[in-house]
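Worksheet: one structure, shown below.
All of the numbers you see were taken from the coordinates with simple rules; none came from a lab. Worth saying up front: this structure is predicted, and the values here are computed from it rather than measured. Backbone-built Cβ (ideal geometry, glycine too); neighbour counts: all protein chains shown.
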């Protein structure tokens with residue numbers, strides 16, 4: 001795939017290929033990472049986008065289908081993992097004047113409508129950023145029953161025997177061991 005084959009934003013919704021509506025499949029590169037601090041689709045990821053548009057009064061009804069894999073770390077065991085995310089949605093994109101008219105008429109949802117440029121181009125990045133981000137977990141887990149890390153030695157609990165444990169003693173009581181004729185681990189001296 002050459003650099004000329006990859007679409008960067010803004011994406012034409014009404015171009016000679018989509019005059020008054022139609023469909024297109026193209027590659028789209030993310031110029032910035034998309035996601036949360038704990039899970040993200042990295043910058044430079046090339047996404048395969050399916051876009052269909054229908055001409056609507058003052059804009060276009062746009063259907064987007066795209067899938068990606070987000071990189072994350074399990075919050076319990078810190079293993080790297082991939083999280084599949086996909087977008088399959090319809091949205092109404094308006095020209096700036098039509099959007100302002102809808103807002104003036106009291107349509108509260110119109111403030112969230114994506115804006116088409118006068119040339120009929122749509123900036124996909126903020127749309128994909130918002131849709132991908134709301135699908136990503138705030139606390140990613142590699143599995144629902146992930147045991148995490150041992151709080152004493154930091155070893156991954158899935159990699160050790162089930163009865164993995166550490167003896168704990170309070171060092172402040174070490175001087176009392178001789179008094180009770182017991183070592184710190186709790187064994188009696190004979």
Looking only at segment 127-142, and only at residues there that are within 17 Å of residue 79 (Cβ to Cβ) and more than 9 Å from the chain's Cα centre (by Cα), the one that is surrounded by the most Cβ atoms within 10 Å (Cβ to Cβ):
140
Any residue that is over 28 Å from the mean Cα position of the chain (by Cα) and in a strand (DSSP E or B) - is there at least one of those in segment 100-118?
no
For segment 20-47, enumerate the residues that are in contact with a strand residue (DSSP E or B) (Cβ under 6 Å, 6 or more places away or on another chain), without any contact (Cβ under 8 Å) to a residue 60 or more places away in the chain and assigned to a strand (DSSP E or B).
21, 23, 24, 25, 26, 27, 29, 46
Out of (1) outside any strand (DSSP E or B); (2) crowded, with 17+ Cβ neighbours inside 10 Å; (3) touching a residue at least 24 places away in the same chain (Cβ under 8 Å), what's the single condition that is false for residue 158?
(2)
Residue ID - nearest to the chain's Cα centre (by Cα), chosen from residues in segment 161-174 that are exposed (fewer than 10 other Cβ atoms within 10 Å of the Cβ) and part of a helix (DSSP H, G or I)
171
So which of 111, 121 is free of Cβ contacts under 8 Å to residues at least 24 places away in the same chain, surrounded by fewer than 19 Cβ atoms within 10 Å (Cβ to Cβ) and over 30 Å from residue 142 (Cβ atoms)?
111
Would you check which residues across segment 63-95 are under 16 Å from the mean Cα position of the chain (by Cα), assigned to a strand (DSSP E or B), surrounded by 15 or more Cβ atoms within 10 Å (Cβ to Cβ) and touching a residue at least 40 places away in the same chain (Cβ under 8 Å) and list them?
66, 68, 70, 72, 81, 83, 85, 87
Lone unmet requirement of (1) touching a residue at least 60 places away in the same chain (Cβ under 8 Å); (2) touching a helix residue (DSSP H, G or I) at 6+ places or on another chain (Cβ under 8 Å); (3) farther than 30 Å from residue 162 by Cα; (4) not in a strand (DSSP E or B) for residue 147:
(3)
